Structure formats: structure tokens, C-alpha cells
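A short reminder: the numbers here are calculations on the coordinates, not readings from a lab. Values in this document were obtained by computation on a predicted structure and should not be read as measured data. So basically every Cβ, Gly included, is an ideal-geometry build from the backbone, and we count neighbours across all protein chains shown.
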Amino acid sequence: MAPKKPASTPPARSNTVSVDARKGESDRQAKARLVVSPTFNAAIVERSIVGGLVSGVEFSVTDIHSALTEKFRPVVRDNDMSSVETILLAQANTCDLLFNDMALKARAADTMPKLEAYMRMALKAQQQCASTLRILGELKSPKQVAFIKQANVAHGAQQVNNGTALPARAHEESSNQSNELLEHHHGERLDTGAAGQASRGNQALETVGAVHRAED
């Protein structure tokens, strides 16, 4: 009986991280800068998902961090959004795959609760796919924002109050101006304390008052 060959063991996954200190920076400061780096944290998550071993090639966190840095550099420095557009398109495609997968599972469901659950997840994936594509479209063709300046055209003097009420002092001055205009047109103010003279048009009342007036 031929002896069994020992099973090949996969290479050990490297979790080591190398960091180069900048000028005037200590090794401790360099490592702290790396820990708070968004790309470094993304590299840790991506390596934990992928597993570090792809097609027999071992990738460390440092390798993935370097690749992410090169990927994001055109976006940050050159405003090149091609990689962002690729991410959105890939996510929209993934949502579309989830929609089709849930729709097939709903079709094969044997109970109504399973059918409703699968269809609910399918429609959510469809909605997210449409939302992602909408964002991608706005990114490729940004909306034009128009700024309209208000123009007040009038012949002669004009006062425009946009949404503001007159203060109390201005209201009093406006009322005083109205009274002055009234005096200008009618000659004088109305004197309510002065007694008016009897009109000669009502002579009968004057005669009766003279004859039948009280003795005292």
C-alpha cells in the first residue's frame, strides 16, 4: 500500500504592516498616522472579506493599502471621477443581481410568507439599483443651478420691501404724511370743538325757537 502524500498546507497569511516614517516623524507617530488612515481601515476590511489569498497569491494589508491609495489618488488630486463611476455601476449591477435572485426564490417559494419576504427583498434591491443609477447619472451630468437676480424697474421713485414689515416709526411717519396731505388739499384740520352757525335754509325752526323758547 502506497504511503499517503502529506496534504499541502496553504502559505501562512501575512498580517504584517510596514510604514515609512516621514521626515521629522517618529516611528510611533508614523504608525498612528497609518492607523487613522481611511484607506488603511478599508484595507483591513477588504482583506478580511477576500481572505488575503487570491489565486494562490498572498496579499497583506500593506499591499491592499497601497493599491487603494493608488486607486483613490486620481479622485483626490485630479478630480478624476472614473473610479467612483465604476464603483456605482458595479453596485447597481450587484443590486440588479440580488433582485433577480430574490425574484427566482419568490417564484419557487412554497408558502405565502416566503413569497412575500422574497418579493419584498427583491423590490428593495430594485429600488436601491434605481437610486444608485440616478446618482451615477447626476455625477456624469450635474444639474445646472440658475441664480436669478431680482430686478425692480419703475418710473420715478419707488420703495420695495421684500417680505419685511414697516417699523413702528415708519408707520407713524406715513400716517403723519397722510394727515399733512389732507390739510394741504382741504385748507385746515377739522375742528370738532367749535360750534357751527345755524343755516339760513331752516328758517321755520328758527321762528319756532324764538316764539316758544323757555322764559328762564
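Work out how much length Val84 to Lys31 would gain on full extension: take 0.36 nm times their residue separation and subtract the Cα-Cα distance, in nm to one decimal. Kindly include the intermediate steps, with their values, before the conclusion.
Numbers: separation 53, 0.36 × 53 = 19.08 nm, distance 2.82 nm.
Difference between extended and current length: 16.3 nm.
Tally Lys and Arg at +1 and Asp and Glu at -1 over the other residues with C-beta under 13 Å from the C-beta of Met119: what net charge comes out? If you can, show how the numbers build up before the last one.
On the way: positive: Lys105, Arg107, Lys114, Arg120, Lys124; negative: Asp101, Glu116.
Charge balance in the 13 Å sphere: +3.
Express the C-alpha Rg of segment 20-79 as a ratio against the empirical globular expectation 2.2 N^0.38 Å, rounded to two decimals.
Working: Rg = 13.2 Å, N = 60, 2.2 N^0.38 = 10.4 Å.
Taking N as the residue count of segment 20-79, the ratio is 1.27.
Alpha carbon centre of segment 18-46 versus segment 84-131: separation in Å?
Going from one Cα centre to the other spans 38 Å.
Please compute the length gained on full extension between Ile44 and Glu116, using 0.36 nm multiplied by the number of residues separating them and subtracting their Cα-Cα distance.
Working: separation 72, 0.36 × 72 = 25.92 nm, distance 3.71 nm.
Value of the extension gain: 22.2 nm.
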